[in-house]
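The values are calculated or read from the model by the stated rules, or taken from the named source; none is laboratory data. In this text the structure is predicted, and so the values were computed from the model without any measurement. Backbone-built Cβ (ideal geometry, glycine too); neighbour counts: all protein chains shown.
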Amino acid sequence: MGIDSGNLYASVEAGQHVAASEDGEEHFDSLLQRPGARIERIVSTGQASPPDFWYDNPHDEWVVLLRGSAGLRLRTPASELAPQAELPPGEDGEDTEVVLAPGDWIHLPAHCRHRVDWTDALETTVWLAVHFDEGAPPQKRRAGKVV
């Protein structure tokens, strides 16, 4: 296993993602993959999830927004809402909007339905996402140390 290094902003600063955004797609770069975890950089230039599309990953995901801004929509399943909550016919939960600015991070547990409502159309948005394998055992912390 060799040493890898890079710069999260190198191709962004050089404008290489401008051409990639012309096709309307976000750009995903896998930075590191090891048993139980994968780290990727995501570069967005105004994209959003397709209408009525929700991510429902079988694994936990931790995301930090490094540059730009974005709005996420999280869906709380009806089964997790208070018993007195009444939903209109066809609704399967309650949505919460989360706006992310540089430095903001969020942990999305496995099967947390979510979507990207918007990303900054005027400034390139750079994310760092850590995906955890659903088969990897959770680490326990005691007094700030992994045990």
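Brief remarks follow.
- In the set (1) surrounded by fewer than 10 Cβ atoms within 10 Å (Cβ to Cβ); (2) modelled with pLDDT of 90 or more, the condition left unmet by Ser79 is number (2).
- For segment 41-79, a residue qualifies if it is of a type in the set (Asp, Glu) and under 13 Å from the mean Cα position of the chain (by Cα), and the qualifying residues are Asp56, Asp60, Glu61.
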